[in-house]
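Some notes on the structure that comes next.
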Amino acid sequence: MAEVFSWVPEFGGSSSVKARVREARLGGGYVQRVGDGINATPRVRKLTFAVGQADADAIESFLERHGGARWFWFTYPGAARAKWRCDEWDRTYRAAGDEVVSVTFEQVFDPGE
């Protein structure tokens, strides 16, 4: 059973989509394009979590446990629950007990659950 990433990010962050497209180049400069599968528009979210040291440790442990390969559930506030993976994150120490974990979540469409 997949785990749920339950921490709530700071307001803001960014969201982007890069559509996957297959392209066939034909003679005379013509190009035919088609979406690459039924899930051709995965979303990428860059989020930050301003937390204490214990939560920063827990977030980092969660991400390390998934190792960038295993997906998890995450619900961005106001959006539908989706499957995500994370292979990149940073941890910033602002003061004693005051830390920021910045993550890049990539949406996946893996089968199961």
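The values are calculated or read from the model by the stated rules, or taken from the named source; none is laboratory data. Keep in mind the model is a prediction, meaning the values are calculated, not measured. All Cβ positions, even for glycine, are placed from backbone atoms using ideal geometry, and neighbour counts span all protein chains on display.
For segment 88-108, how many residues are in a loop (DSSP other than H, G, I, E, B) and modelled with pLDDT of 95 or more?
First, pick out the residues of segment 88-108 that are in a loop (DSSP other than H, G, I, E, B): 96-97, 108.
The next check asks that each one be modelled with pLDDT of 95 or more; those that pass are 108.
Adding up the residues that qualify gives 1.
What single numbered condition from (1) part of a strand (DSSP E or B); (2) farther than 14 Å from A2 by Cα fails to hold for R85?
Against the list (1) part of a strand (DSSP E or B); (2) farther than 14 Å from A2 by Cα, R85 comes up short only on (2).
Taking segment 34-57, which residues are at pLDDT 95 or above and of a type in the set (S, T, Y)?
T48
Need the failing condition index for A69 against (1) closer than 26 Å to K18 by Cβ; (2) surrounded by 16 or more Cβ atoms within 10 Å (Cβ to Cβ), just the number.
Looking at each condition in turn, A69 falls short on (2).
Is there a residue being touching a Cys at 6+ places or on another chain (Cβ under 9 Å) and closer than 15 Å to S102 by Cβ anywhere in segment 5-23?
In the first step, residues of segment 5-23 are kept if they are touching a Cys at 6+ places or on another chain (Cβ under 9 Å); the result is 5.
Still in the list and also closer than 15 Å to S102 by Cβ: 5.
Checked against the condition, which is being touching a Cys at 6+ places or on another chain (Cβ under 9 Å) and closer than 15 Å to S102 by Cβ, segment 5-23 yields at least one hit.
Can you tell me which residue is modelled with the lowest pLDDT among those in segment 1-19 that are surrounded by 11 or more Cβ atoms within 10 Å (Cβ to Cβ) and among the charged types (D, E, K, R)?
Ranking the qualifying residues of segment 1-19, first place goes to E10.
Among the residues of segment 20-41, are any loosely packed, with under 14 Cβ neighbours inside 10 Å, in a loop (DSSP other than H, G, I, E, B) and at positive phi?
Yes, some residue in segment 20-41 is loosely packed, with under 14 Cβ neighbours inside 10 Å, in a loop (DSSP other than H, G, I, E, B) and at positive phi.
I need a count of the residues in segment 102-113 that are of a type in the set (V, I, T) and either under 15 Å from M1 (Cα atoms) or surrounded by 15 or more Cβ atoms within 10 Å (Cβ to Cβ) (or both). Give the derivation first.
Kept after step one, since they are of a type in the set (V, I, T), are these residues of segment 102-113: 103-104, 108.
Then drop every residue that is not either under 15 Å from M1 (Cα atoms) or surrounded by 15 or more Cβ atoms within 10 Å (Cβ to Cβ) (or both), which leaves 103-104.
So the answer is 2.
Among the residues of segment 87-109, which ones are under 18 Å from V17 (Cβ atoms) and in contact (Cβ under 8 Å) with a residue 24 or more places away in the chain?
Listed by number, the residues that qualify are V103, T104, F105, E106, Q107, V108, F109.
Within segment 72-101, count every residue that is within 11 Å of the chain's Cα centre (by Cα) and surrounded by 13 or more Cβ atoms within 10 Å (Cβ to Cβ). If you could, list the steps in order and put the result at the bottom.
Filtering segment 72-101 down to residues within 11 Å of the chain's Cα centre (by Cα) leaves 72-76, 82-89.
Within this subset, residues satisfying the condition of being surrounded by 13 or more Cβ atoms within 10 Å (Cβ to Cβ) are 72-76, 82-87, 89.
Final tally of qualifying residues: 12.
Mind checking whether some residue in segment 58-78 is closer than 25 Å to E3 by Cβ, at pLDDT below 95 and either assigned to a strand (DSSP E or B) or among the hydrophobic types (A, V, I, L, M, F, W, C) (or both)?
Yes; the residues of segment 58-78 include at least one that is closer than 25 Å to E3 by Cβ, at pLDDT below 95 and either assigned to a strand (DSSP E or B) or among the hydrophobic types (A, V, I, L, M, F, W, C) (or both).
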